[in-house]
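Everything below concerns the one structure shown next.
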Amino acid sequence: MRSRGPASALSHQLQNRLHGQAARHHLDNNNEVRQKSMKGNRRVQMLGGHRTKMKVVVVGGRVIVFFLLTLTLTLSLLELLTFNKFVSQESRQDRKKDGPNNRTLAIIMGSFRGGEISWQTMASNVLDPSSADLAILIPEDDVNALNSSLYKRAKYKWTFKNYEDWGEAVDLINGTKWNGSEWRKLALDDYDTSASIFGGVEDYSGSGAIIFMIRWFLYNHIKENNLTEKYDHFMVTRSDHYYQCIHNISEFSVGNRNLWIPPGQDYRGRTDRHLICGSDDVLDALDIFPTFMRSNWVRNMTGINTEQLLSRVWEEKKLNVNYFDRVMFTTALPSDTTRWAWAEDPVPGVPGLLLKYTVEYDMVQDVCPR
């Protein structure tokens, strides 16, 4: 192995020093590059951070706007729903008040008798179960009616003149002549004063002309108000009935010319105190005196009473009369006035109320006993 000399050793040291400097220079360059890279990264990170903040601000603004829009729409929707609910409630109240869904009409004719005790039974046992509207046709001077609970409840309120001579009312009928003769002369010639069908005219006894002319007034009110288009079921009655149990008018079958009346007090004809019929037949059922005056058989029936006249006219009009179980009886207060039968017997269990016809009361007890 060849030994190194002094020159060779010096050269070797110099080379090592140069290599060391080069290495340090390379290391410094790497460090500088690394530092520059780190600074660049920090700038990039800082720039990215600013952008992120900007994005947050922009996105947050959109969230706030979206939230405000949503809140506004929600409040508007709630306000609209509340308004619609209010309108709906008002509409229901109006419908309840006006009763467009009520297809049943109960009608009371004549002077109010029987007192508040009887009238309350009509409200609870007839009007309420039937969901019926109420109409009343009363004399102009009927104080009892004006102070009654039924008057306050009535949807239709009509009055008529309380004539001293009901012949003046008969004069109102269009064509009040029989076969060319004035009806008064014919009545005086052919009917004596006991003929109840002219009761209320001059000196005739009873109340026939009164009850049939009130029906004529009612006939005209129904036509003028177009009530046959508004209601399907009609009940025509008087105020002094005491309804001991439910009487639902709307359940009666009123097609095919059917009329419904209670049994009893027919007097060889049909009772004139209570009637249920449909819209197609109510006008025919009320058209009594004009039909009577136009008829050819009027002069052959001088002994006819009101119940028989009613039966004859309905037969002529081909109306089918049916009977339902009696649920009411006729009553009176001691202070009530009348042109016919006076009440004397007290109604059992109802202090202060009098019974007009015991046969009616007995029939009711068989149907709905107390």
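The values are calculated or read from the model by the stated rules, or taken from the named source; none is laboratory data. The structure displayed is predicted, hence computed values, not measured ones. When we count neighbours, we look across all protein chains shown, and the Cβ atoms used for this are built from the backbone with ideal geometry, even at glycine. We work out accessible area using only protein heavy atoms, side chains counted, and drop any ligands, DNA or RNA first. Shrake-Rupley method; radii C 1.70, N 1.55, O 1.52, S 1.80 Å.
Mind ranking Tyr151, Tyr204, Tyr267 by accessible surface for me, highest first, 1.4 Å probe? Could you put the intermediate results ahead of the total?
Working: Tyr151 60, Tyr204 15, Tyr267 105 Å².
The residues order as Tyr267, Tyr151, Tyr204, largest area first.
Taking amide hydrogens as placed 1.01 Å from N in the peptide plane, the amide H of Val347 sits under 5 Å from those of Leu353, Leu354, Leu355, each at least 5 positions away in sequence or on another chain. Close amide H pairs (under 5 Å, H built 1.01 Å from N) link Leu259 with Asn320, Val321, Asn322, residues at least 5 positions away or on another chain.
Just check region 224-352 against the gyration tensor rule for me: Cα atoms, a ≥ b ≥ c as the square roots of the eigenvalues, rounded for a/c under 1.5, and otherwise prolate or oblate depending on whether a/b exceeds b/c.
Values: a/c = 2.03, a/b = 1.27, b/c = 1.60.
Cα axes put region 224-352 in the oblate bin.
Computed from backbone phi with θ = phi - 60° and the Karplus coefficients 6.51, -1.76 and 1.60, the 3J(HN,Hα) list for region 252-259 is 6, 7, 10, x, 6, 6, 7, 10 Hz; x is used for glycine and proline. Rounded to whole numbers, the Karplus 3J(HN,Hα) couplings from phi for region 303-309 are x, 6, 9, 5, 5, 6, 4 Hz, using 6.51 cos²θ - 1.76 cosθ + 1.60 with θ = phi - 60°, and x at Gly and Pro. The modelled label-to-label distance for the pair Ser295/Lys157, using points 7 Å beyond Cα in the direction of Cβ, is 3.7 nm.
Let me know the shape class of region 111-204, please: from the alpha-carbon gyration tensor, a ≥ b ≥ c as square roots of the eigenvalues, rounded when a/c is under 1.5, otherwise prolate if a/b is greater than b/c, or oblate. Intermediate values should be presented prior to the final figure.
On the way: a/c = 2.76, a/b = 2.49, b/c = 1.11.
It comes out prolate by the Cα gyration axes.
If you take all other residues with their beta carbon under 14 Å from the beta carbon of Tyr219, and give Lys and Arg +1 and Asp and Glu -1, the sum is -1. Within region 222-293, the trypsin sites (Lys or Arg not before Pro) that combine a DSSP coil assignment with at most 11 other C-beta atoms in a 10 angstrom radius are Arg268. Taking a ≥ b ≥ c as the square roots of the eigenvalues of the Cα gyration tensor, region 319-370 is oblate, since a/c reaches 1.5 or more and a/b is not larger than b/c. Positive-end ranking of Leu259, His274, Ser295 along the dipole of region 251-300, with charges on Cβ about the Cα centre, is headed by Ser295.
Relative to the Cα centre, the charge distribution of region 150-304, modelled as +1 at Lys and Arg Cβ and -1 at Asp and Glu Cβ, gives a dipole magnitude of about 440 debye.
Please work out how much length the chain gains when fully extended from Cys368 to Lys317, using 0.36 nm per residue of separation minus the C-alpha to C-alpha distance, in nm with one decimal. All intermediate terms of the calculation are to be shown ahead of the outcome.
Values: separation 51, 0.36 × 51 = 18.36 nm, distance 3.36 nm.
In short, 15.0 nm is gained.
Summary of the geometry: region 252-302 and region 125-164, compared by the centres of their Cα atoms, lie 22 Å apart. Exposure check, 1.4 Å probe, all protein chains in place: Trp297 carries approximately 30 Å² of accessible surface.
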